[in-house]
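Engineer: First the structure, which I've put down as structure tokens, then a few questions once you've had a look.
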Amino acid sequence: MARFIYFSAILGTILSTCISVQVAAQETSANQSDSFISGPYEATWESLKQYETPQWFQDGKLGIFIHWGPYVVPKYLGPFYGYHMYREQTIDIKGNPNPDRVNKVYQHHIEHYGGTQEFGYKDFIPKFHGKDFDAKQWIALFEKAGAKYVVPVAEHCDGFAMYDSNITRWDAVNMGPKRDVVGEIFEAAREKGMKVGMSSHYAYGWYWWGYKEGTDTVDPAFADFYGKPHAITDPHSEEHVNKWFARSMDMMKSYEPDLLWFDLGFSNPEYEEKRKSLLAQYYNQGVKNDQGVVLNYKNISYKPIPDGAAVLDVESGKLDRIREMPWQTDMSLGGWRWSYNDDWQTMPADKLIGDLIDIVSKNGSLLLNVAPDVNGVISQDQVDVLMELGDWLEQNGEGIYQTRPFSVFGQGPTNAKLVLHGNHKDTGYTSRDIRYTRKGQTIYAFVLDWPQEQSSISFNALGSEQHHLIDRIKRVSLLATDKELDWQQDADKLRVSLPNKRPAKYALGIKIELADLPPDVL
């Protein structure tokens with residue numbers, strides 16, 4: 001028995017030493033950077049503000065976000081499971097506890113896995129097998145839904161890489177599915193002519209783990225996954241920033257994505273210099289590859305990136321006006337649920353289509369999240385709504401794709417409050433809610449719900465004395481059927497007669513063709 005304990009101790013020392021060497025090697029990689037990718041952009045805001053959003057992004061309007069990782073295994077809460085499972089009490093990232101709120105995740109983990117001393121977050125990874133994952137099948141569905149780009153989560157806050165990483169051993173090639181998930185999605189999407197992106201939530205992972213004695217979060221053997229223990233209120237360490245930079249550069253160089261999306265944390269002041277360096281090198285790589293690229297960032301309390309230097313992303317929120325520069329909303333089909341779990345509820349198609357139109361009318365694009373289960377299967381309720389969206393776009397997409405905002409975004413009682421982050425709580429749209437888009441000599445008007453018992457509808461922005469429209473309208477028709485509609489233009493409105501029967505489900509698209517309109521007057 002003594003001999004067994006002796007050899008076990010030696011084996012443990014050897015294993016710990018090997019892990020330490022590997023961690024040290026990874027930290028060295030994280031602190032070193034290859035030569036700067038040179039080009040027209042320098043790592044200064046003055047230079048980076050010369051960036052122009054590529055046309056493919058401004059034209060595409062609809063992308064698909066994919067949250068899929070080890071956090072789907074427990075089928076409870078979602079990606080934030082790892083954040084809560086080690087903390088007996090709920091706490092925000094500023095370190096403020098909420099004594100009135102029970103940490104249900106912590107209790108759930110005890111009941112189902114015996115607690116974090118027995119089963120840590122890393123132990124979900126072998127159960128994340130993705131046995132039915134089929135990238136081509138996913139992309140075929142997204143194409144039918146009308147999406148023009150796809151953005152898989154490359155690494156969430158847990159730090160598990162869904163791609164073939166050169167920085168960490170904790171990736172989907174070595175563990176879990178043992179496949180290059182991002183690589184397979186990229187290959188399938190590019191075969192269909194879709195643009196591809198990667199999202200990184202790694203910077204925000206600084207807040208993720210509740211380092212607790214007796215758990216794997218403080219075990220040196222797993223320090224390369226959980227990081228070095230620290231308080232949630234500590235500033236992001238230089239080591240963490242360097243690791244984020246190295247992983248981001250690895251993603252950028254190895255996969256050459258058309259889009260990079262960064263979560264909160266990336267916006268913190270500690271990332272300022274690395275943030276500028278990453279943007280400059282990413283943009284320079286895009287120029288070298290003749291590839292228009294997009295970098296998305298979030299903005300809550302301050303501007304981590306000056307207007308125009310990258311593309312603003314608004315999580316689960318909207319804007320209340322037209323934004324001069326292109327922007328994007330990332331929104332989940334599951335509402336506040338970002339990964340598939342037992343209480344997943346799919347957004348109804350009418351709400352989804354109304355949101356897409358509202359966002360596009362204000363110069364935005366929609367990055368719509370879908371959530372496969374642990375097997376890699378997208379549930380039928382999500383498939384059904386995506387197909388409804390695709391069917392609607394098949395008939396009405398002319399007024400969505402390749403459009404730009406009209407002089408006003410719309411009219412009606414429903415308009416989003418300015419919500420830069422957080423779940424938007426509006427309940428839907430009415431028949432009085434109208435949104436406009438434009439393309440060349442054509443204006444598109446969308447009535448967001450069918451007007452019951454009305455023979456006509458008035459467009460208050462399209463009168464003869466508005467926006468140079470006097471004697472300019474030559475034809476008005478339904479987008480879904482191309483059926484010509486009767487109309488009358490007054491000084492303050494355009495009145496259009498409606499068909500007796502509803503021509504299509506969901507929002508009604510109307511096409512207003514103009515004649516001899518001088519350029520740039522809309």
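Engineer: Starting from the Cα of LYS94, draw a straight line to each of the aspartates and glutamates and keep only those under 14 Å, dropping any in the same chain fewer than 8 residues away.
Structural biologist: Cα-Cα hits under 14 Å: ASP234.
Engineer: Determine the gain in length on full extension of the stretch ASP486-LYS49; use 0.36 nm per residue of separation and subtract their C-alpha separation, reporting nm with one decimal.
Structural biologist: On the way: separation 437, 0.36 × 437 = 157.32 nm, distance 4.71 nm.
Between ASP486 and LYS49, full extension yields an extra 152.6 nm.
Engineer: Considering only C-alpha atoms, what is the centroid distance from the range 476-496 to the range 400-414, in Å?
Structural biologist: Each part reduced to its Cα centre gives a spacing of 17 Å.
Engineer: I would also like to ask the following. Per 0.36 nm of contour for each residue apart, how much would the distance between GLU465 and MET325 grow if the chain were fully extended, relative to their Cα-Cα spacing?
Structural biologist: That pair, GLU465 and MET325, stretches by 47.6 nm at full extension.
Engineer: On a 24 Å Cα-Cα criterion, which of the cross-link pairs LYS303/LYS439; LYS318/LYS351; LYS122/LYS212; LYS195/LYS351 come out too long?
Structural biologist: Result: LYS303/LYS439; LYS195/LYS351 exceed 24 Å.
Engineer: Angle check, please: helix 135-145 long axis (alpha carbons) against the longest principal axis of the chain (alpha carbons), in degrees 0 to 90, nearest 10.
Structural biologist: 20 degrees
Engineer: Calculate the spin-label point distance for GLU239 paired with GLU513, positioning each point 7 Å from the Cα along the beta-carbon direction, and give it in nanometres.
Structural biologist: Each label point is offset 7 Å from its Cα along the Cβ direction, giving 6.7 nm.
Engineer: While we're looking at this one, here's another question. If you place +1 on the Cβ of every Lys and Arg and -1 on the Cβ of every Asp and Glu, how big does the dipole about the Cα centre of the range 45-315 come out, in debye to the nearest 20?
Structural biologist: 420 debye
Engineer: Now for a different question. Rank the residues PHE262, PHE65, PHE222 as a footprinting-exposure proxy: fewest other Cβ atoms within 10 Å of their Cβ go first.
Structural biologist: Going from sparsest to densest Cβ surroundings: PHE222, PHE65, PHE262.
Engineer: In addition: Per residue, how much space in cubic angstrom lies within the convex hull of the C-alpha atoms of the range 211-343?
Structural biologist: Cα-based convex hull of the range 211-343, divided per residue, equals 169 Å³.
Engineer: Now a separate question. To the nearest 500 deg cm²/dmol, what mean residue ellipticity at 222 nm is calculated for the chain from DSSP H runs of n ≥ 4 alone, each contributing -39,500 (n - 2.57), summed and divided by the residues?
Structural biologist: -8500 deg cm²/dmol
Engineer: Next up: Points 7 angstrom from Cα along the Cβ direction at TYR113 and GLN137: gap in nanometres?
Structural biologist: For the pair TYR113/GLN137, the computed spacing is 2.6 nm.
Engineer: Under 20 Å between alpha carbons, and skipping anything fewer than 8 positions from LYS474 in its own chain: which aspartates and glutamates qualify?
Structural biologist: Counting by Cα, and skipping residues close in sequence, LYS474 has these aspartates and glutamates nearby: GLU398, GLU465, ASP482, GLU484, ASP486, ASP490, ASP492, GLU513, ASP516, ASP520.
Engineer: Cβ under 12 Å from GLU324's Cβ, GLU324 left aside: what net charge do those residues give with Lys, Arg +1 and Asp, Glu -1?
Structural biologist: +3
Engineer: With each pseudo-label sitting 7 Å past Cα toward Cβ, what's the GLN452-ARG179 distance in nm, one decimal?
Structural biologist: Placing both labels 7 Å along Cα→Cβ, they lie 4.7 nm apart.
Engineer: Next up: Using a cut-off of 12 Å between alpha-carbon atoms, which aspartates and glutamates can reach LYS362, once sequence neighbours fewer than 8 places away in the same chain are excluded?
Structural biologist: Candidates past the 8-residue exclusion: ASP320, GLU324.
Coordinate-derived values only; no laboratory data. Nothing here was measured: the structure is a model prediction, and the numbers come from that model. Reconstructed Cβ throughout: ideal geometry from the backbone, glycine too, with neighbour counts over all protein chains shown.
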